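Below is one structure, written out as structure tokens; the observations come after it.
The values are calculated or read from the model by the stated rules, or taken from the named source; none is laboratory data. Note that the coordinates shown come from a computational prediction; the quantities given were computed from them, not determined experimentally. In this analysis, Cβ positions are derived from the backbone assuming ideal geometry, glycine residues included, and neighbour counts consider all displayed protein chains.
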Amino acid sequence: MYKDQSLSELQDAVFRCVKCGMCRSICPVFQIEGAEASVARGRLALIEEFARDKLKAGDNLTRVLSACIMCGRCQANRPNLVEVVKLIRSGRSELARFLGMPLSRKLIMELFYPRKRLYFAFKLGSWLQKFLLRRIPKERGLRLRYPIPLLNRGVAFPPIAREFFLPKYSSTHKASRERMRVGFFVGCLINFVLPEIGTSLLEVLTKNGVSVVLPAEQGCCGLPAFLSGQTELANKLNQKNLEAFRGLDIQVLVTACPTCGEALKGYYELVNKRGERIEVLDISQFLWRHKELFSFPKFTDGILTYHDPCHLKHIQGVDQEPRKLLKMIADGKFVEMDEADLCCGFGGLYSFFHSQTASAINKRKMKNIESSGANTVVTACPGCLIYFRQGIQLKKLPVKAKHLIDVLRG
């Protein structure tokens, strides 16, 4: 369940920040904007003043807190165990209670519940994208053809899939010689934008003796709503997903989206039909833990490098499993890029509402990919994958971007 912190709890937690400034050297937003208000130290100082009632709620404070990309890089390197992401999220929630949600964010978040509304929105978007959006030849994305209120015309939108994943594949996919059975939490980006990631996951697991259960009723994990300060909406989504997976004969639930993984690990209490707690694992964790069950084709198409998704490394602490899997198939042709754990710039809704900063962060990432000498960059996040493909096309790099499970599928 998603829970908010009170103002008094915020004040006590913020006090742990000793204002050392370490966050300035690792924050991707600060390195672009250079303002104290765009780094964790500055934002936490403002939250502290707000919690002490020395700073009034207002649009400026809302703007400062919403401009955090929530990558967690500062939190992963914190000296005093300061939970930066949680504090900024709680600050957003408190401001939303005082001022209400900004209209643009509220309209987007309202699409996520009920589930039928979300499907209708994406179906409509899939049909309208050819009229309202135009493809830019030098980018793998779509831009607004006509100005739309509340949206930045420079934002690049990922193309919506013609056929969604869950309506086609929701069922139990049995392996011919079943050795294990897992559930699969799909997530919005895989369901509506990159369904090929889901089909790769099904193929890799079922071909190697792992049956996969896909409840049709699952929906958004709720974390985007929670990070935006809409806790009530996040918990509605939470409850619907709990109902979808309750009573299934599984002990493990896998996901191929780190944002969903963070939500499921941190805010869900999933139980199977025997009342046992269901363990949530990123697909890389599951595959490495049970590597003796799997046979992966060798990668022979050049050199691989790997990008750490923020919510996978900085929040969940998962960074070695994807690398070990890639090294298994790369025959020595795996290289580390500089700043492999630097944010790609996507950040979900961040890249829509802060497109200039997001684009600048992405350009820095593209330089690191190019300097690595690899011709394939692999990530374990569908959001990163979308933004990489746009950046690669924009810079005309001779590089492919792939999800980890697609590479392991061969």
*Can you tell which of 297, 215 is of a type outside the set (Val, Ile, Thr), crowded, with 18+ Cβ neighbours inside 10 Å and over 29 Å from residue 6 (Cβ atoms)?*
215
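Here's the yes/no breakdown for (1) among the charged types (D, E, K, R); (2) touching a helix residue (DSSP H, G or I) at 6+ places or on another chain (Cβ under 7 Å); (3) over 19 Å from residue 69 (Cα atoms); (4) assigned by TED's automatic domain parsing to the domain that holds residue 404:
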site	(1), (2), (3), (4)
328	no, no, yes, yes
333	yes, no, yes, yes
339	yes, yes, no, yes
350	no, yes, no, yes
355	no, no, no, yes
358	no, yes, no, yes
362	no, yes, no, yes
366	no, yes, no, yes
376	no, no, yes, yes
*Restricting attention to region 196-209, does a residue exist that is crowded, with 24+ Cβ neighbours inside 10 Å, touching a Cys at 6+ places or on another chain (Cβ under 9 Å), under 19 Å from residue 167 (Cβ atoms) and of a type outside the set (A, V, I, L, M)?*
no
*Give me the pairs, please: first residue somewhere in region 382-395 and within 15 Å of residue 357 (Cα to Cα), second residue anywhere and assigned to a helix (DSSP H, G or I), beta-carbon distance under 6 Å, and either six or more positions apart or on two chains.*
387/362; 391/362; 391/366
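To keep it simple, each residue is scored yes or no on (1) among the basic types (Lys, Arg); (2) touching a residue at least 24 places away in the same chain (Cβ under 8 Å); (3) closer than 30 Å to residue 69 by Cβ.
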{"site": "174", "(1), (2), (3)": "yes, yes, no"}
{"site": "182", "(1), (2), (3)": "no, yes, no"}
{"site": "185", "(1), (2), (3)": "no, yes, yes"}
{"site": "190", "(1), (2), (3)": "no, yes, yes"}
{"site": "200", "(1), (2), (3)": "no, yes, yes"}
{"site": "211", "(1), (2), (3)": "no, yes, no"}
{"site": "221", "(1), (2), (3)": "no, yes, yes"}
*Could you list all residues from region 59-104 that are outside any helix (DSSP H, G or I) and under 21 Å from the mean Cα position of the chain (by Cα)?*
67, 68, 69, 70, 71, 72, 77, 83
*Determine which member of the set 258, 224 is touching a His at 6+ places or on another chain (Cβ under 9 Å) and either over 30 Å from residue 88 (Cα atoms) or not β-branched (Val, Ile, Thr) (or both).*
258
_In region 9-51, residue surrounded by the most Cβ atoms within 10 Å (Cβ to Cβ) [restricted to those that are more than 24 Å from the chain's Cα centre (by Cα), touching a residue at least 12 places away in the same chain (Cβ under 8 Å) and part of a loop (DSSP other than H, G, I, E, B)]_ = 17
_The lone exception for residue 367 - which of (1) in contact (Cβ under 8 Å) with a residue 12 or more places away in the chain; (2) over 19 Å from the mean Cα position of the chain (by Cα) it fails_ = (1)
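Table: residues versus (1) in contact with a Leu (Cβ under 8 Å, 6 or more places away or on another chain); (2) at pLDDT 95 or above.
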| position | (1), (2) |
| --- | --- |
| 104 | yes, no |
| 121 | yes, no |
| 127 | no, no |
| 140 | no, no |
| 148 | yes, no |
| 151 | yes, no |
| 155 | yes, no |
| 164 | no, yes |
| 181 | no, yes |
*Failed item, numbered, when residue 326 is tested on (1) surrounded by fewer than 21 Cβ atoms within 10 Å (Cβ to Cβ); (2) among the aliphatic types (A, V, I, L, M); (3) touching a strand residue (DSSP E or B) at 6+ places or on another chain (Cβ under 8 Å)*: (1)
*Criterion: crowded, with 17+ Cβ neighbours inside 10 Å, small (Gly, Ala, Ser), in the same structural domain as residue 173 (by TED's automatic domain parsing) and closer than 22 Å to residue 384 by Cβ - qualifying residue of 263, 244, 234*: 263
